[in-house]
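Asks: My questions will all concern the structure given below.
Computed from the coordinates by the stated procedures, all read-outs in this text should not be read as laboratory data. Bear in mind the structure is a predicted one, so any value in this text is a computation, not a measurement. Here the Cβ is made from the backbone with ideal geometry for all residues, glycine too, and neighbour counts use every protein chain on show.
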Amino acid sequence: MGKNIVQKILEKHIVEGKWAPGKEIAIKIDQTLTQDATGTMAYLQFEAMDVPRVKTELSVSYVDHNTVQIGFENADDHKYLQSVAKKYGIIYSRAGNGICHQVHLERFGRPGKTLLGSDSHTPTGGGAGMIAIGAGGLDVAVAMADGPFYLTCPKVIKVNLHGKLKPWVAAKDIVLKMLELFTTKGNVGCVFEYGGEGVKTLSVPERATITNMGAECGVTTSIFPSDEITKAFLKAQGREKDWVEIKADPDTEYDKIVDLDLSELVPLASYPHSPGNIKTVKELEGMDVDQVCLGSCTNSSYKDLMTVAKILKGKKTHPNVSFVIAPGSKQVLENIARDGGLADLISTGARIAESACGFCIGNSQSPKTDAVSLRTSNRNFLGRSGTKSAQAYLVGPETAAAAVLTGKITDPRNLEKMGIKYPDVKMPEKFYIDDSMFIYPPEHPKDVEIYRGPNIGDPPQSDPLSETIHGEVTIKVEDLITTDHIIPAGSKMKYRSNVPKYSEFLFEIVDPAFHDRAEKIRDSGKHNIIIAGLSYGQGSSREHAALCPMYMGVKTVIAKSFERIHTANLINFGIVPLIFKNESDYEKISQGDELELPDIKDIIKQGGSLIVENKTNGEKFEVEYNLSDRQKKIILAGGTLAYMKNQST
C-alpha cells in the first residue's frame with residue numbers, strides 16, 4: 001500500500017513508536033519558531049534545562065506580537081529575547097521584520113522538514129510542504145534541547161480540490177468552507193492533506209492561508225504537496241536549493257476523503273463569535289461596516305495586498321470606514337512598494353500599520369463600541385479585537401476591499417457592476433529580498449550576558465500530584481471556551497513573563513471575579529477545579545492558559561472534551577485533564593460545589609476507574625483520563641520540568 005505525504009514525512013522523523021494512527025509517537029523536530037508573546041516563557045524554560053546551545057537545525061525567535069511599546073515591559077522582554085538568541089544559537093527576527101508565519105514561509109520553510117512553533121498558526125508552513133505544528137512554549141523548549149515532540153499519530157483526511165476559483169473568490173473562502181464542513185470541534189488527532197488538480201491553481205501563499213486556518217478546525221496540522229508551484233516560490237525567494245518534491249503515492253488510502261469543487265465556491269464569512277460560524281457574504285450583504293482590517297498571518301502576502309491595491313486604485317475609502325493594513329512582512333511591504341501597490345493603498349486612505357500581529361490579537365486598532373469590523377485574520381472570538389461589544393467578521397481580501405468602497409458588507413462580485421474588473425495578480429518571479437532585520441548568532445559566543453528586566457521572573461514550579469484532589473468548582477464554563485476566554489491577549493500580554501501579574505486576568509472576559517475567588521480557595525489550602533463543556537481550550541497555543549491556572553492552584557479541569565494543544569499544556573504544568581464519561585453529569589455540577597477525587601494519584605499510577613464525589617449534592621460520577629504512560633509520569637511528577645529533572649537525577 002502506498003503512503004500519503006503526512007506518513008512519508010513523519011516516518012522519517014519518528015524516534016519513538018511507529019506509524020499507527022491513534023497511538024502516541026515521538027518525532028524529531030528540525031526547526032522551531034517562537035514569537036515574543038509565548039517565546040519569553042519558552043526561553044526561560046529552556047534556560048532552566050541547562051543546555052548550552054540549541055540542537056535543532058534551525059531555531060528562530062520572532063518579535064511580532066507585543067510591538068506596541070507602552071511601558072517598559074515589552075521593550076525589556078525583547079532585549080531579553082535578543083540576548084538569549086545570541087547566547088544559545090538562535091536567529092533573532094527584529095520587531096518590524098514581520099509576522100513569524102509569513103516570514104518563516106518566505107525565508108526558512110523547507111518541504112519535508114518538521115517545524116514546531118509556540119504559536120497555534122505554525123501550520124502555515126504546511127503551505128510549503130512542511131509538517132508544521134503549533135505547541136506550547138515548553139514543548140518547543142524541549143525540542144530546542146533535542147528532546148522529541150510527542151503527539152498522537154494522526155488520522156489523515158484527504159481533501160481533493162477540483163477545478164479553479166472563480167474571480168472574486170479567494171483561498172480564504174476555501175478554508176472557510178472547510179470550517180463549514182468540519183466545524184471547530186471534533187477534529188483532534190487529524191491532519192488535512194490537500195491534493196487534486198485544483199492544488200496547482202493555488203500559489204504557496206494561498207496554500208498557506210488554508211493551512212494557517214486549519215488550526216481553527218482543531219486539526220494537528222494541514223499540508224500541501226511540494227510541487228512545481230512550491231519550487232517556483234522558493235526560487236523567487238532565492239532558495240531553489242531547498243526544494244524537494246513530495247507527493248502522495250497513487251495507491252494511498254486515507255481515513256476519510258472529501259471532494260471540493262473550487263469553481264462552485266462563493267465568497268464566505270465567519271460571523272461572531274467563532275470562525276466556525278459560516279454564512280455566504282450575500283446573506284450578510286447590506287450591513288454597515290465601521291472598520292476593515294487587512295493583513296495578519298492569514299491574508300497579508302504580496303498577492304493579497306496587491307489584489308486589494310488594484311481593486312482600490314484611484315478610489316477612496318468610504319467615510320464611515322476605518323481602513324487598516326498590516327503587511328505580513330517587511331518583504332511584502334517592500335515589494336508592494338516597489339510595484340506601486342503601497343502608494344495606491346495610501347492614496348485610497350488606508351492606515352498602514354506595522355508588519356506585526358497588532359489588530360488580530362487586540363493589541364492595536366480596537367474598533368469602536370458595537371462596531372462591525374471586517375477582518376482578514378483567523379479568529380473572531382468574543383473580545384479578541386480589544387472591544388468586547390464589537391462584532392468581528394472574518395472575510396477574504398476581496399470582500400474586505402468591497403466594504404472599504406461601499407461602507408457595507410458587500411459581495412465582491414457586485415464590484416463588476418461598478419466597473420471594477422477583477423485583477424489578475426501574478427506572483428513575482430523574483431522577490432526583492434533584504435534579510436538585514438535578522439540577527440544571526442555568533443558560532444562561539446563568549447560571556448554573553450542575558451538581559452533581565454524587572455518584568456521577568458522565573459517560571460513558577462508546580463507540586464507533584466497529591467494523593468487526593470479536594471477542592472471547589474471555581475468556575476463552570478460552557479462549550480467552545482478558547483484560550484482567549486481563559487487568559488486575554490491584547491495589552492495584557494505584556495505581563496506574559498510575570499505570571500503572578502498575568503494571572504490576575506484569568507477568565508476576565510467570562511467572570512472578572514475568578515482571580516480573587518481562586519486566590520481565596522488556594523490560600524485556604526483547597527484546590528481549584530474548573531468544569532467545562534465541549535472543545536475546551538480552542539484557539540491559541542498560549543501556554544499561560546494552563547500556566548496561570550496552575551499558579552492559582554487549579555489541579556484539574558473536567559470537561560466534555562479538550563483541544564489538542566491545550567491538553568498538552570495542562571499536562572506540561574501538572575493539571576489533570578479529565579473527561580466526563582457521561583456528558584449529562586456536567587449538568588449536575590454548579591459553581592461553588594465541593595468536589596473530591598479520592599486516591600487519584602494511585603488510580604492514575606496503577607489504572608482503574610476514577611470517581612468524583614460531589615460533597616455538596618451527594619452525587620458521584622465517573623471521569624476518564626486519556627493519558628499515555630509518559631503523560632501519567634509527567635502528571636505524577638507535577639509537570640514536564642519536574643519530570644525532566646527527575647529523569648536527570
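Asks: Near K315, within a Cβ-to-Cβ distance under 14 Å, what is the net charge of the other residues, with Lys and Arg +1 and Asp and Glu -1? Write down the numbers at each step before the final one.
Replies: Numbers: positive: K310, K313, K316, K421; negative: D344.
Computed value for this residue: +3.
Asks: Another one. Suppose only helical runs count, i.e. DSSP H with n ≥ 4. What mean residue ellipticity at 222 nm does that imply for the chain under -39500 (n - 2.57) per run, divided by all residues and rounded to the nearest 500 deg cm²/dmol?
Replies: -8000 deg cm²/dmol
Asks: Oh, and also: Which of the lysines could be linked to K620 by a straight reach, that is with a Cα gap under 30 Å, when you skip same-chain ones fewer than 8 residues away?
Replies: K185, K476, K520, K526, K555, K560, K581, K588, K601, K605, K632, K633
Asks: What shape does segment 92-240 take by its C-alpha gyration tensor, where a ≥ b ≥ c are the square roots of the eigenvalues and a/c under 1.5 counts as rounded, a/b above b/c as prolate, and the rest as oblate?
Replies: oblate
Asks: What percent does the relative contact order of the chain come to when contacts are Cα pairs within less than 8 Å and at least six residues apart?
Replies: RCO, the chain: 14 percent.
Asks: Have a look at the chain and give its Rg and Dmax from the Cα atoms, expressed in angstrom.
Replies: Looking at the chain, its Cα Rg and Dmax stand at 23.8, 73 Å.
Asks: Using Cα-only point scatterers and the Debye equation, what is log10 of I(q)/I(0) for segment 354-400 at each q in 0.17, 0.27 Å⁻¹, rounded to two decimals?
Replies: -0.42, -1.01
Asks: Looking at segment 307-387, which trypsin sites (Lys or Arg not before Pro) are in a loop (DSSP not H, G, I, E or B) and have at most 14 other Cβ atoms within 10 Å?
Replies: Values: sites: K310, K313, K315, K316, K330, R338, R351, K368, R375, R379, R384; in loops: K313, K315, K316, K368, R379, R384.
Here the trypsin sites (Lys or Arg not before Pro) that fit, given the DSSP loop and packing criteria, are K316, K368.
Asks: So how strong a dipole does the chain carry about its Cα centre when Lys and Arg Cβ are +1 and Asp and Glu Cβ are -1, to the nearest 20 debye? Could you put the intermediate results ahead of the total?
Replies: Details: 76 positive and 82 negative charges, 277 e Å.
Dipole of the chain, to the nearest 20 debye: 1320 debye.
Asks: Filter the trypsin sites (Lys or Arg not before Pro) in segment 429-499 to those in DSSP coil with at most 11 other Cβ atoms within 10 Å of their Cβ, and list the result.
Replies: Filter output for segment 429-499: K430, K446.
Asks: Only loop residues by DSSP count here, and only those with at most 16 other Cβ atoms within 10 Å; note down the GluC sites (Glu not before Pro) in segment 439-540 that meet that.
Replies: When the GluC sites (Glu not before Pro) of segment 439-540 are filtered for loop state and at most 16 Cβ neighbours within 10 Å, E443, E449, E467, E478 remain.
Asks: Continuing with the same structure: To check you understand DSSP bridge types, tell me what percent of the beta bridges within the chain (both residues inside) are antiparallel, rounded to 5. Each step should come with its number before you reach the end.
Replies: Working: 27 of 87 bridges.
In the chain, DSSP labels about 30 percent of beta bridges as antiparallel.
Asks: Further, regarding this structure: Using a 10 Å cut-off around each Cβ, can you sort L260, L234 from fewest to most neighbouring Cβ atoms?
Replies: Placing the least packed residue first, the sequence is L260, L234.
Asks: With both partners inside segment 496-649, how many of the DSSP beta bridges are antiparallel, as a percent to the nearest 5? Write down the numbers at each step before the final one.
Replies: Working: 8 of 18 bridges.
The antiparallel fraction comes to roughly 45 percent.
Asks: Only counting other Cβ atoms within 10 Å, I'd like K417, K231, K79 sorted with the fewest neighbours first.
Replies: Listed from fewest to most nearby Cβ atoms, that is K417, K79, K231.
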